[in-house]
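One structure is given here, and the rest of the page talks about it.
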Amino acid sequence: MHDHVHLIGTHVRAKDSPFTARRTRLGGGYNFALNSQFDMVGRLGWSFTKASITDVFSEKNDGVFGQLGVRGMARGIGTDALEINAFVTYDDTEGKFSGDVGAVFSFTPALAASAGYSYSSHLQTWNLGLRYNF
């Protein structure tokens, strides 16, 4: 892969009985360097969602999603291992925009842990994850 090109994949499952929602996204993106510390990021991909209420209904939908955001290294706080990011996402399976903020801490150049928060008019989620750079 080129330094500016990346692939992404996410899977989210939310459950609050009797409601269950799942979303899977696969896509790619490109980082545009703004300066030595910050990048503008654009992403485009495929999205699949499934929502259900036990014994009432179940709905599946797939479509595209797009993200535009910024990411930057939090230099000056004693580490070069912390990345902070913020995105605006549109997912046509939900027909809504969301705002996403997060942080990624790199243990090694290849392995990192991530945490984030996503807000839309109908759902707010926290997430934890691992990232592998190859």
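Readers should treat all values here as calculations from the given coordinates under stated rules, not as data from a laboratory. Because the structure is a prediction, the values reported are computed rather than measured. Cβ: placed from backbone, ideal geometry, glycine included. Neighbour counts: every protein chain shown.
Looking only at the range 72-127, residues that are polar (S, T, N, Q), part of a loop (DSSP other than H, G, I, E, B) and either within 14 Å of the chain's Cα centre (by Cα) or farther than 26 Å from Glu59 by Cα (or both) come to 3 in all.
Restricting Thr79, Thr93, Thr89 to those that are over 24 Å from Leu34 (Cα atoms) and among the β-branched types (Val, Ile, Thr) reduces the list to Thr93.
Pairing each residue of the range 105-120 that is in contact (Cβ under 8 Å) with a residue 24 or more places away in the chain and more than 30 Å from Gly95 (Cβ to Cβ) with any residue that is surrounded by 15 or more Cβ atoms within 10 Å (Cβ to Cβ) and acidic (Asp, Glu), provided the two are 6+ apart or on different chains, yields no C-beta distance under 7 Å. Got a number for residues in the range 11-30 being touching a residue at least 24 places away in the same chain (Cβ under 8 Å) and either charged (D, E, K, R) or in a strand (DSSP E or B) (or both)? Within the range 11-30, residues that are touching a residue at least 24 places away in the same chain (Cβ under 8 Å) and either charged (D, E, K, R) or in a strand (DSSP E or B) (or both) number 12.
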